[in-house]
1. Sort 49-56, 35-42 for me by packing, meaning the mean count of neighbouring Cβ atoms within 10 Å per residue, highest on top.
2. Quickly rank 5-12, 209-216 as a protection proxy: mean count of other C-beta atoms within 10 Å, highest first.
3. If you count only protein heavy atoms and use a 1.4 Å probe, how large is the accessible surface of Glu25, to the nearest 10 Å²?
4. Mark the label point 7 Å from the Cα of Val200 along Cα→Cβ and return the residues of the range 160-180 whose backbone N is within less than 13 Å of it.
5. For the cross-link pairs Lys17/Lys68; Lys18/Lys52; Lys68/Lys164, which exceed 20 Å when the distance is taken from alpha carbon to alpha carbon?
6. Excluding Arg229 itself, calculate the net charge of residues whose Cβ lies under 14 Å from the Cβ of Arg229, where each Lys or Arg counts +1 and each Asp or Glu counts -1.
7. Could you compute the net charge surrounding Gln214? Neighbours are other residues with a C-beta less than 9 Å from the C-beta of Gln214; K and R count +1, D and E count -1.
8. Is any residue of the range 165-179 close enough, with backbone N under 16 Å, to a label point placed 7 angstrom from the Cα of Thr2 along the Cα-Cβ axis, and if so, which?
Amino acid sequence: MTTVGERINERLRELGKKQEWLADESGCAQNTISKLVTGKSEKSRFIPQIAKALGVTSDWLAEGIYPKLRVADASGDHRESAPVTDAAGDSLAKLDINVVPASKPQCLVPIISWVAAGEFATSQDVKRLNGEDVTDWVRLDQNHHGQYVFGLIIHGDSMDPDFKEGDRIVVDPDAYWESGDYVVIGNGQPNEEATFKQIVKDGPDWYLRPRNPQWPVRRLEVGCRVIGRVIFHQPLGRKL
């Protein structure tokens, strides 16, 4: 089991960054980062913002619990490179339609409609997908994700300029999410599309924030639910 400091160093090496950069990026004092890296401290209230600066989940940084990455981009930033384990491959092979292992370390993820995504109540609903639900596939070069990941194709401009129409995203219903993450939300109504926004907390309330400033920020209403966190983004026309 690695320590918090070892995991910070691991991620800094991957990013080619130093502790000074992390302190500036996370807004933490250099002394706070140093204590975590050297093992003088294993806990800190700044873990969430340090994890966000590193592009990893708070669970992974604090406890070593996967998934590791918050969002992987097809440009090559923040993605895993080790092959999918046999254990994961065995479990995925039992599903009728789900993440299907391709040539290691890549796998194929089914792309579905926004209406189909909006009807999911639990991650197990993805297991019941059939061939008619799948419109295409996206290749995922990432190891640590849940068994029930699925893909969506962005439509509309509410998430411009970071996510454009035609881009593909992969959603993990089992992934831990927190304020600041990109998530897919269902409104609890049948035959209605899911929506994709950044979820943020302000005091006791949660809000759905578009990236496009021309779109309004909305409160997360009662009855709405987070279907899953976005773990991968493939811009239109870019291939792995």
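1. Details: 49-56: 20.9, 35-42: 14.8.
Final packing ranking: 49-56, 35-42.
2. Details: 5-12: 17.6, 209-216: 13.2.
Order by mean packing, descending: 5-12, 209-216.
3. Counting only protein heavy atoms, Glu25 exposes about 110 Å² to solvent.
4. The answer is 179-180.
5. Working: Lys17/Lys68 18 Å; Lys18/Lys52 16 Å; Lys68/Lys164 25 Å.
In this structure, Lys68/Lys164 exceed 20 Å between Cα atoms.
6. Details: positive: Lys52, Lys68, Arg70, Lys197, Arg225; negative: Asp59, Asp172, Asp174, Glu178, Asp181.
Here the count lands on 0.
7. Details: positive: none; negative: Asp157, Asp160.
Local charge sum for Gln214: -2.
8. From the range 165-179, the list is empty.
The values are calculated or read from the model by the stated rules, or taken from the named source; none is laboratory data. On a predicted model such as this, the values are computed, not experimentally measured, just so you know. Using ideal geometry, Cβ is built from the backbone for each residue, glycine included, and neighbour counts are taken over all protein chains shown. We work out accessible area using only protein heavy atoms, side chains counted, and drop any ligands, DNA or RNA first. Shrake-Rupley method; radii C 1.70, N 1.55, O 1.52, S 1.80 Å.
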